[in-house]
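Enquirer: Before I ask anything, let me first share the structure, which is written out below as structure tokens.
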């Protein structure tokens, strides 16, 4: 395969420790930092000083927290490429994760692809795990189910449905709106079993909830955001049921075939497969 035309971007808001871990893992597994754009949403914890030490493709400093949609758009537009990888800063990547992601997207003729995930505590040998899991599940995919922790987006998607909705008040609902547009447009998308990340678990959102005095179960965005999707109450219930049914079917099929699934949670030294 010819060297892929790609750019990688993530937004950050404080949580310097996790940004360091993310960048260190990207470097360890061969990412040229000139292909990375970081958008800082008003950090106050030393993140900005750290980012200024890196030879990044671009670094954008917003005056305040403009939300995911604005930051993702800024990152995607700052370094335009055939494939743009939009990801969280609270992840650790594995060997070959990006090559596998793009190669399998092209092999399966997909326009948006996400890697498989382990979430929670990083109390295991993730590098060794990812090699074994990627080989074991190299041909597996969950069609129609990408996720916003990390997704590689082909540039044809921007042309067809546009970019993320850029409203700071959405506070995390941008991905739901984007994936709904993807579904309505019939754009082929999936999560792939050949590429793996470790995700510590929405660290920035948890911190923002604490700032606002919200509990872990409360959402950041407005409770009425769902109205932006334009679905009736009945259609929302049908959609929710369909998603849960598909998740149950994927889990059962993957456990039967591989003894694991594409989405695991690390708890008490063991994997809980979802």
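Enquirer: Within region 53-61, is even one residue without any contact (Cβ under 8 Å) to a residue 60 or more places away in the chain and out of contact with any helix residue (DSSP H, G or I) (no Cβ under 9 Å at 6 or more places or on another chain)?
Expert: Yes, there is a match, as at least one residue in region 53-61 is without any contact (Cβ under 8 Å) to a residue 60 or more places away in the chain and out of contact with any helix residue (DSSP H, G or I) (no Cβ under 9 Å at 6 or more places or on another chain).
Enquirer: Let me ask something else. Mind checking whether some residue in region 14-21 is outside any loop (DSSP other than H, G, I, E, B), within 18 Å of the chain's Cα centre (by Cα), buried (at least 24 other Cβ atoms within 10 Å of the Cβ) and modelled with pLDDT of 95 or more?
Expert: For region 14-21, residues outside any loop (DSSP other than H, G, I, E, B), within 18 Å of the chain's Cα centre (by Cα), buried (at least 24 other Cβ atoms within 10 Å of the Cβ) and modelled with pLDDT of 95 or more: present.
Enquirer: Scan 121, 105, 152, 78 and give me the residue that is under 17 Å from residue 6 (Cβ atoms) and surrounded by fewer than 21 Cβ atoms within 10 Å (Cβ to Cβ).
Expert: Going through 121, 105, 152, 78 in turn, the sole match is 78.
Enquirer: Right, next: Could you grab the pairs with beta carbons closer than 9 Å, sequence gap of 6+ or different chains, first residue in region 84-110 and at positive phi and in contact (Cβ under 8 Å) with a residue 40 or more places away in the chain, second one assigned to a strand (DSSP E or B) and buried (at least 17 other Cβ atoms within 10 Å of the Cβ)?
Expert: Sorted first by the residue in region 84-110, then by its partner, the pairs are 96/194; 96/195.
Enquirer: Which pairs have Cβ atoms under 7 Å, sit 6 or more apart or on different chains, and link a residue in region 223-243 that is under 17 Å from residue 181 (Cα atoms) to one that is loosely packed, with under 10 Cβ neighbours inside 10 Å?
Expert: Note: no pairs meet the criteria.
Enquirer: Being surrounded by 20 or more Cβ atoms within 10 Å (Cβ to Cβ), in contact with a helix residue (DSSP H, G or I) (Cβ under 8 Å, 6 or more places away or on another chain) and in a loop (DSSP other than H, G, I, E, B): is that true of residue 26 here?
Expert: Judged against the criteria, residue 26 is not a match.
Enquirer: Filter region 30-50 down to the residues that are under 24 Å from residue 101 (Cβ atoms) and more than 18 Å from the chain's Cα centre (by Cα) and list them by number.
Expert: Residues satisfying the conditions are 30, 32, 33, 34.
Enquirer: Can you tell me how many residues within region 244-274 are free of Cβ contacts under 8 Å to residues at least 60 places away in the same chain, in a helix (DSSP H, G or I) and loosely packed, with under 14 Cβ neighbours inside 10 Å?
Expert: Counting residues in region 244-274 that are free of Cβ contacts under 8 Å to residues at least 60 places away in the same chain, in a helix (DSSP H, G or I) and loosely packed, with under 14 Cβ neighbours inside 10 Å gives 8.
The values are calculated or read from the model by the stated rules, or taken from the named source; none is laboratory data. If you're wondering where the values come from, they're calculated on a predicted model, not measured in any experiment. Positions of Cβ are backbone-derived with ideal geometry, glycine not excepted, and every protein chain shown enters the neighbour counts.
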